[in-house]
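What follows is a set of notes on a single structure, which appears directly below.
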Amino acid sequence: MTHYSRRRVLKMVGLVTIASAAGQLLPLPRLNAAQSSTTVVGLDDFMQVSQLLTQQTALNSTVGGALLLALSQTQKGFVTALAQLKTLLQNQPELLQQDHLTFPADADSEKLAKVILGGWYNGVVGKGNHALYVTYVNTLANKLVDDKLVPPGFSYGECGSWAQQP
């Protein structure tokens, strides 16, 4: 067991007091975890295309921004392909009325549309080791059933309720 002198204890207490007072007095910037304050270029176009594809008007723009960033990192030429997909969907709205999402004239736009839908419904962009996980709870798949089901891994009641038999 180590014995500290009275002088050493007073020095440590003094340092802790000064450090805590400095932390209270110095204006430090507020830290926000995993939130970017910059606006994402092309978010409006992405949200319009997403609303057309999902046929839902109230999409979360924060999730949309994260999906847009992930898609720009994983898809080559994403911005130009998105503009082409937007033009295609606006010029031919009957493509979205089919039972299965198929674009006979443009296979690249069909692939991109399916990737965008997969991001919104699964929260994952890309495959394998290059997959980027964007969201889990805020996916459209979970939003559609949140009145009846709880996402896997979440407790159905208050904390610790899982330990008791139903």
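Before moving on, here are some points about what is shown:
- Top-ranked residue of region 17-63 - restricted to ones that are under 14 Å from the mean Cα position of the chain (by Cα) and modelled with pLDDT under 70, ranked as least open to solvent (accessible area, probe 1.4 Å): VAL40
- Contact map, region 47-69: residues that are touching a residue at least 60 places away in the same chain (Cβ under 8 Å) and closer than 10 Å to ILE116 by Cα paired with residues that are among the hydrophobic types (A, V, I, L, M, F, W, C) and outside any helix (DSSP H, G or I), Cβ distance under 7 Å, separation 6+ or inter-chain. Pairs shown: SER50/LEU59; LEU67/VAL125; LEU67/VAL134.
- When residues in region 77-112 are screened for being under 11 Å from VAL49 (Cα atoms) and among the basic types (Lys, Arg), 1 of them pass.
One line per residue, one yes/no per condition, for (1) within 21 Å of LYS127 (Cβ to Cβ); (2) in a helix (DSSP H, G or I); (3) touching a residue at least 24 places away in the same chain (Cβ under 8 Å); (4) open to solvent by 20 Å² or more (accessible area, probe 1.4 Å):
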| residue | (1), (2), (3), (4) |
| --- | --- |
| LEU82 | yes, yes, yes, no |
| LYS86 | no, yes, yes, yes |
| ALA105 | no, no, no, yes |
| LEU112 | yes, yes, yes, no |
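- Considered as a group, the residues in region 126-156 that are open to solvent by 40 Å² or more (accessible area, probe 1.4 Å) and of a type in the set (Gly, Ala, Ser) include one that is modelled with the lowest pLDDT, and that residue is SER155.
- Total residues in region 126-146, condition part of a helix (DSSP H, G or I) and at positive phi: 1
- Filter result for the condition that a residue is touching a residue at least 60 places away in the same chain (Cβ under 8 Å) and polar (S, T, N, Q), over ASN91, ASN138, ASN142: ASN138
- Any chance GLY123 is modelled with pLDDT of 80 or more, at positive phi and touching a Phe, Trp or Tyr at 6+ places or on another chain (Cβ under 8 Å): yes
- Taking region 88-103 as the range and being surrounded by fewer than 18 Cβ atoms within 10 Å (Cβ to Cβ) and of a type outside the set (A, V, I, L, M) as the test, the residues that pass are GLN90, ASN91, GLN92, PRO93, GLU94, GLN97, GLN98, ASP99, HIS100, THR102.
The values are calculated or read from the model by the stated rules, or taken from the named source; none is laboratory data. No experiment lies behind these values; they were computed from the predicted model shown. Note: ideal-geometry Cβ built from the backbone for every residue, glycine included; neighbour counts use all protein chains shown. When the accessible area is computed, the model is the full protein with side chains, heavy atoms only, and any ligands, DNA or RNA have been set aside. Shrake-Rupley method; radii C 1.70, N 1.55, O 1.52, S 1.80 Å.
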